[in-house]
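Only one structure is covered here, and it is reproduced in the block below.
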Amino acid sequence: MSNRIIHWFKFASPQSFYPLAGKMIPWFWALTAVFGAIGLWISFFVAPTDAVQGEGYRIIFIHVPASWMSMFIYMVMAAWAGLGLALNTRLSGMMAQALAPTGALMAFISLWTGAFWGKPMWGTWWVWDARLTSELILFFLYIGFIALQAAIDDPRRADKAGAILALVGVVNVPIIYFSVKWWNTLHQGASVSMMKSPSMAQTMLWGMLIMALCFWMYSIAVALMRVRAIILERETHTEWVKELPEVKQ
Amino acid sequence: MPFDPGNSRKAGFDAGFLFRTPISGTIRPSMLSVSDLSCIRGERRLFSGLGFDLAPGEWLHVQGENGSGKTTLLRALVGLSPPAEGEIIWRGEPTHRLGEDYRREMLYLGHHGAVKEELTPLENLKLAAALDGRSLDDREAMAALHRFGLKGREELPVRFLSAGQKRRVLLARLVTRNAVLWVLDEPFTALDVKAVDMLSALIGEHLADGGLAVLTSHQPMPIPGGKVARL
Amino acid sequence: MSAFLAIIRRDLLLAMRRKSEVLTALFFFIIVVSLFPLGIGPEPQLLKKIAPGILWVAALLSTMLSLNRLFATDHADGTLEQLVLSPTPLGLLVAGKIVAHWLTSGLPLVLLAPVLGVQFDLDASALGILVGALLLGTPLLSLIGAIGAALTLGVRGGGVLLSLLVLPLYVPALIFGAGAVEAHISGLGATGHLSLLAALLALAAFFAPWATTAALRVSLE
């Protein structure tokens with residue numbers, strides 16, 4: 001038991017995590033490519049044309065996985081943040097910092113494709129639908145996190161301040177989501193749900209799940225690349241970074 | 001193993017109390033002891049492996065160039081910014097575990113004014129005491145202000161006072177607070193000759209009473225004795 | 001407990017000596033609310049419908065103005081360090097500062113809101129709900145805002161950053177607060193909204209001082 005703990009803490013140091021991440025990155029890129037190819041193939045060629053929505057609906061194969069990922073990444077970010085505050089490990093803060101831009105990107109893709117989807121479906125680029133609105137607020141939360149970290153010069157302070165914000169945010173995300181939903185039903189706005197289509201074909205669900213896996217692998221690969229860059233940046237003054245072959249050149 | 005921090009803390013307190021009156025010739029056990037301390041500011045290591053012991057009645061003069069980490073050391077000592085490595089032991093227990101019990105016995109005056117410009121010296125002193133959970137009557141507060149030559153200025157908002165007078169308002173807290181450990185960052189800045197004499201006399205009294213002090217200063221200190229930590 | 005009252009007394013005393021800052025935020029509230037009819041047009045029916053939303057958004061923005069000062073002045077003159085190093089638990093002092101902030105920035109808004117509501121043709125019962133919702137909601141704004149104020153302490157561009165961090169977190173308060181009045185006007189009853197607002201207040205009163213304390217310690221390191 002204690003052996004295992006020591007083993008895990010070994011990888012909590014940036015020095016030992018850096019090469020490990022370097023080894024993992026190609027694998028995650030490969031998985032991204034495989035899942036992406038299968039997912040796109042299903043979504044473009046296998047999934048049937050929707051009776052009501054025509055071909056335009058196919059954007060949900062991007063839209064839904066992106067929305068899922070944007071929420072999931074926020075949870076993971078908050079988990080790293082909490083771990084960093086509790087155990088005072090430096091890598092946790094770096095992971096949270098590395099995840100934030102990807103999460104923001106996912107939220108942005110979700111909003112953007114939502115608008116693209118809304119135009120042919122509802123005839124307007126934007127509706128104050130509960131999902132879109134809470135996604136927008138989630139996007140703001142990401143931007144706030146990134147802005148706070150960017151505004152603080154001392155990286156350790158930036159990590160801790162960001163961690164507190166992420167934890168406050170993660171408590172608030174469900175509250176915001178339900179309040180927006182409540183607001184939406186009260187105003188009886190356009191609450192057209194993509195999941196409500198009468199018979200969502202099995203193949204569509206599979207397509208979305210595989211695309212979600214693709215996005216997931218992509219997020220991990222990109223976050224690992226970013227965390228490597230952050231490690232190099234913060235540890236420039238240490239001996240082990242100066243000894244790295246890629247730095248020596 | 002059962003461990004009762006409250007109990008052992010009490011024992012430590014009693015021991016310290018006994019040694020408050022220094023007996024010449026005996027070895028006094030240290031009340032504040034720092035070992036293997038290192039501090040990092042940003043990504044730069046300011047100092048490492050720093051250690052010292054202070055017994056009741058002793059004081060430490062922290063010396064060093066600008067930017068050598070004097071203020072960082074004091075801030076680590078009082079618990080504002082935790083050190084990267086090392087332990088700070090007060091009455092036999094690490095300060096981060098003592099928390100409020102340590103802060104009750106310690107007074108830190110940084111190079112900030114730490115007084116409210118809109119309030120009068122009297123209000124400043126009384127409110128500062130109230131925030132520490134102590135009550136301070138007018139007479140005591142007045143006496144402290146008078147000691148620092150602020151007679152006639154007690155009811156004037158601090159913003160009308162000069163820099164040196166503001167500093168004196170802050171230093172009056174040394175008298176009213178009853179702390180055992182004084183941690184003072186550049187206490188002699190902005191003070192005139194008379195005030196420097198007053199302050200060094202006050203520190204002398206504090207040490208004679210069995211108090212401890214840690215000071216930074218660029219000038220040679222007008223207080224006899226003292227250990228030196230050079231950063 | 002005496003220290004808790006002492007910090008409230010101190011911050012109120014300071015606010016009294018710097019009246020202009022409190023009044024600025026209050027007049028900002030009045031001006032923002034009065035600008036909307038000019039921008040939208042004087043049609044009474046429309047104004048009545050959007051009045052709760054306008055009043056709430058203006059209250060949010062006006063709170064942002066005063067939040068900047070919550071810890072920044074204490075930070076600048078070094079008294080915040082003394083608060084952190086005081087033997088009194090920091091959480092208690094922080095809670096006291098939040099209460100004082102509400103008394104100087106939230107409570108005036110609550111008292112002023114009915115006057116402004118009359119301009120928008122809200123009737124007496126709607127005004128009552130508005131005051132009730134603000135009474136529950138403005139402490140919530142002070143509590144959540146304090147976390148943001150502590151996080152952005154001494155940070156580049158702190159004021160703008162503060163709004164970026166805090167305004168998204170104000171969304172539930174805005175929805176339930178403005179929604180309460182709207183629901184009342186449309187005859188649905190405001191009880192649900194008000195009880196949710198009260199639940200959020202209870203939650204924030206428990207967590208926010210704690211998170212603010214943690215953020216302050218980080219900011220002072």
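What follows draws every value from the coordinates through simple rules; no lab data is involved. As the structure is a prediction and not an experimental result, all values here were calculated from the model. Backbone-built Cβ (ideal geometry, glycine too); neighbour counts: all protein chains shown.
Show which lysines lie in cross-link reach of residue B:70 when reach means a straight Cα distance below 22 angstrom and same-chain residues fewer than eight apart are skipped.
Straight-line reach from residue B:70, under 22 Å: B:227.
Could you let me know the centre-to-centre spacing of the range C:1-24 and the range C:190-221, using Cα atoms, in angstrom?
Taking the Cα centre of the range C:190-221 as reference, the centre of the range C:1-24 is 21 Å away.
Where does the protein assembly as shown land at 222 nm, in deg cm²/dmol rounded to the nearest 500, when only DSSP H runs of n ≥ 4 count, each adding -39500 (n - 2.57), divided by all residues?
Value at 222 nm, helices only: -22000 deg cm²/dmol.
How high is the relative contact order of the range C:2-220? Use alpha-carbon pairs under 8 Å, at least six apart in sequence, and give a whole percent.
26 percent
How far is helix B:138-147 tilted, in degrees, relative to the longest principal axis of the Cα atoms in chain B, given as a value from 0 to 90 rounded to the nearest 10?
Relative to chain B, helix B:138-147 is tipped by roughly 90 degrees.
Ranked highest first by the average count of other Cβ atoms within 10 Å around their residues, in what order do A:162-173, A:84-95, A:24-35 fall?
Answer by packing, highest mean first, reads A:162-173, A:84-95, A:24-35.
For the protein assembly as shown, what size does the Cα cloud have along each of its three principal axes, sorted from largest down, in whole Å?
So the extents along the principal axes, rounded to whole Å, are 99, 71, 49.
Using a cut-off of 12 Å between beta-carbons, work out the net charge of the residues near residue A:242 (Lys and Arg +1, Asp and Glu -1, residue A:242 not included). Present the calculation step by step, with values, prior to reporting the outcome.
Numbers: positive: A:248; negative: A:235, A:239, A:243, A:246.
Here the count lands on -3.
Taking only complete DSSP H runs, can you tell me which helices of chain A stretch 27 Å or more along their own long axis by Cα positions and average at least -0.5 on the Kyte-Doolittle scale?
Membrane-span-like by this rule: A:14-41, A:60-87, A:90-122, A:130-151, A:155-187, A:202-234.
Given a cut-off of 19 Å, name the pairs among B:126/B:194; A:160/C:97; A:160/B:116; B:166/B:194 whose C-alpha atoms lie farther apart than that in the structure shown.
From the list (B:126/B:194; A:160/C:97; A:160/B:116; B:166/B:194), the Cα-Cα distance tops 19 Å for B:126/B:194; A:160/C:97; A:160/B:116.
Averaging sequence separations of C-alpha pairs under 8 Å and six or more residues apart, then dividing by the length of chain B, give the relative contact order as a whole percent. Could you put the intermediate results ahead of the total?
Values: 372 pairs, mean separation 63.0, N = 231.
About 27 percent, as a whole number.
With both bridge residues required to lie in the protein assembly as shown, what share of the DSSP beta bridges run antiparallel, to the nearest 5%?
Around 45 percent of the beta bridges assigned by DSSP in the protein assembly as shown are antiparallel ones.
Excluding residues on the same chain fewer than 8 positions from residue A:181, give the aspartates and glutamates whose Cα lies under 17 Å from its Cα.
Cross-link targets: A:129, A:135, C:182.
Considering chain C as a Gaussian network with a 10 Å cut-off on Cα pairs, which listed residue, C:195, C:163, C:20, attains the greatest mean-square fluctuation?
C:20
On a 0 to 90° scale, report how tilted helix B:193-208 is relative to the longest principal axis of chain B, with both axes built from alpha carbons and the result rounded to the nearest 10.
Approximately 40 degrees, to the nearest ten.
Please tell me the relative contact order of chain A in percent, rounded to the nearest whole number, where contacts are Cα pairs under 8 Å and at least six residues apart.
Reported relative contact order: 34 percent.
Report, in whole Å, the centroid distance computed from the Cα atoms of the range C:104-129 and the range A:62-132.
Cα centroid to Cα centroid, the span is 38 Å.
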